[in-house]
Amino acid sequence: MNHFNHLAGVCELNLVIRKLILTGLTDKNYARLYQAIDTTFGVDKVTLNQQSALLIVHYDATHTSLDALKTIIHSQQVGIDQHFWGRIKASYYQFVDQNILEQKSYKEVSCHHAPAMTKRK
């Protein structure tokens, strides 16, 4: 795939998919929540099912994170389901997002290549 299949600010290498079960989703806050998440920089695709209260978000983890999405969700008076596996999954999502963010500026080092030599005059 090339980079033209995604929205601006989304790199396919850092693209993650998050599935969250929401609580308190009503007809009033459904459209506002969808609009707020969809306009966030770094979000590629949003799927929000009102009947099952399932939110599926595709985003670039170097530009946004699960914590930023949680802030948006809570600002619309909607919560995230706090069952046991949901908490485990959320902590794993946060770990992966933080790891991707830290690896963004990582410079690769290889011990199998000779170091770059500068030319002497």
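The values are calculated or read from the model by the stated rules, or taken from the named source; none is laboratory data. Note that this is a predicted model, so its numbers are computed, not measured. Note that each Cβ is placed from the backbone with ideal geometry, even for glycine, and that neighbours are counted across all protein chains shown.
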Self-check item: Residue selected from region 87-108 under the condition among the polar types (S, T, N, Q) and either in contact with a helix residue (DSSP H, G or I) (Cβ under 8 Å, 6 or more places away or on another chain) or modelled with pLDDT under 85 (or both), by the criterion farthest from Leu69 (Cα to Cα)
Solution: Ser105
Exercise. Name every residue in region 82-93 that is exposed (fewer than 14 other Cβ atoms within 10 Å of the Cβ) and not hydroxyl-bearing (Ser, Thr, Tyr), in order of residue number.
Key: Gln82, His83, Phe84, Trp85, Arg87, Ile88
Practice problem: Could you please give the count of residues in region 82-93 that are more than 17 Å from the chain's Cα centre (by Cα) and over 26 Å from Asp27 (Cβ atoms)? | Solution: 2
Quiz item: Across region 64-81, what is the number of residues that are surrounded by 15 or more Cβ atoms within 10 Å (Cβ to Cβ), over 11 Å from the mean Cα position of the chain (by Cα) and of a type in the set (S, T, N, Q)?
Solution: 1
